[in-house]
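The values are calculated or read from the model by the stated rules, or taken from the named source; none is laboratory data. Predicted model, so just to flag it, every value in this text is computed and none were measured. Backbone-built Cβ (ideal geometry, glycine too); neighbour counts: all protein chains shown.
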Amino acid sequence: MEKNSTAKLKLNYPLTILTGFGFLGTQIAWQIYDPYITKILDKFLSISPTVSAWSARLADSALLRGFIESQGSNAYVAGRFTIVPLLIGIIMTFDNIFGVVFQPAFGKLSDNCHSRWGKRRPFIFWGAPISAVLFALIPWMPSLPLVMATIILFVFIMSLWRAPVVALMPDLTPPKLRSEANGVISFMGGLGSALGMAAGTVVTAIYLSMHGMTKQSPAYNEFDTFPAVFAIGAVVMIIGMLVLMFFVNEKDTRLLSAEVLTARNETARKAAEKEAKRKEKEELKQHKLSRSERKSLLLMLGGLFFLFCGMNAITTFFALFADEILHRDTAQATFLMLIFALCAMGGSLPAGWLGKRIGRKKTIVLGLSMMLGVFLTFFAAFLILSGSGGLSIGEYVRLNAAGQSSPEMLRTAAVLDKLIYPVMAVGGVASMFINVNTLPLVLEIGGIEKVGTFTGYYYTATFSAQIASPIAYGFFRMFSGTYLSLFYYSPIAFALSFLLILFVRHGEAIPQEVIKEAEAAGDS
């Protein structure tokens, strides 16, 4: 019996990798979505007469001007006050808002879906192709209203199948192995993100070669490459869907038995269906959470909220921090983020192994400790270096903004420029220690019967943070006067997350030894 139990608890890596193709498809889309959509929106909003009129009316509002500048965008374009950056920021929250509103609902719907294809795949089968078509159409839209309509439809359809595609892995994986499996899924997602990062560079190189020009050529227009980049994302989404449909099998979850389906009497068929649903509801009632489990769930969701508040501020404003403090341009800042992403990919499999070996909560706490450590080390280095030169934070920021420098400032910037590399590397690994284990922990609290519902809860917490954090840090930045404040805003958020998760008491997989003992007792 022990031999069979051990065999059952070995992760099926080929199946998990195939399952990860769905997550890969969503990640390449979002990796392309953020930078390219902002460019498209900027293009149309900048030439909009309505937006220009609003900007003119608000030109004297110092408060609004300060808020826009705090978001990291120049409040003036060609000498004119503009609200274009603010509008872009608002529009870019749509995907997170839709995630909060619709993903829990569709996750719950997938829990109650009964078909020959299983619970999750029907949502993926319809959602992925429609999303892919809408995604490919975005750069072809000739006007702002059409662009907005296509974007709204795209983010809505994406919210239809994102929770089901994430819930597919827990459905097919024993609870004990979910952290390990989530490491594989996260690796596949990281691969999708890397493909998204590379898509624009590859398409641009091919485009320039085919037309015999360079980026400096007068005829070159980067918008001409956008349709091909979006097409790559759309094709990968469809490939991910096809892999799931043909190579990943779910059980037939239809409520009605073959005998009922072949019943001649329609009334009898409906009565059988009603009775089956009644029994299902009774079974679900037996899986209600205890008071202690509800407390753990709320603490975990709160911890996730603050965790993603800290992370979202970094990913959103890091390029602006790099420009102000490290004096690096956008391309160089993106390279630093690529280091973060690659180290996160490298940490995904060890994170799953650790979650299985020492426990999910301990691995999450370890990741948060690492994250807090590197961020506080960076900020402490700044304080020590600038303080040794007699510069306060305020004085450093004032001189830096004025384009002035001193030997102490140059020395501080040189050290920070080198220190940022290990900060990004360790931060990437730490993020995987956290992310790989948080979803399995939340799902374990809910149990196998409510995987889709609790996946929805997970994304409600994370998307809520991604909506709130840009605004919260925007005001924080406005009063702090420097993007260096990222390195005390985010640690505060991480510390709050650490404290909440520390008191979580549920969500670990049942230890293998306990399973063996239970099976041995059953055999006897």
Sort out which residues of segment 138-152 are surrounded by fewer than 17 Cβ atoms within 10 Å (Cβ to Cβ) and hydrophobic (A, V, I, L, M, F, W, C), and write them in order of number. 140, 141, 146, 148, 149, 152
Checking the conditions here, which among 237, 197, 210 is free of Cβ contacts under 8 Å to residues at least 12 places away in the same chain and either in a helix (DSSP H, G or I) or more than 30 Å from residue 339 (Cβ to Cβ) (or both)? 210
What about residue 137, is it in contact (Cβ under 8 Å) with a residue 12 or more places away in the chain and assigned to a helix (DSSP H, G or I)? yes
Residue among 178, 120, 116 that is surrounded by fewer than 22 Cβ atoms within 10 Å (Cβ to Cβ), more than 23 Å from residue 232 (Cα to Cα), basic (Lys, Arg) and touching a residue at least 24 places away in the same chain (Cβ under 8 Å): 116
In segment 100-110, is there at least one residue being polar (S, T, N, Q) and modelled with pLDDT of 75 or more? no
State which residue pairs qualify: first residue in the same structural domain as residue 465 (by TED's automatic domain parsing) and at pLDDT 85 or above and inside segment 497-509, second residue surrounded by fewer than 22 Cβ atoms within 10 Å (Cβ to Cβ) and of a type in the set (Val, Ile, Thr) in any location, beta carbons under 8 Å apart, and separation of 6 or more residues or different chains. 498/365; 501/365; 502/365
Flagged in segment 350-402 as surrounded by fewer than 17 Cβ atoms within 10 Å (Cβ to Cβ), modelled with pLDDT of 85 or more and basic (Lys, Arg), in numbering order, are 362
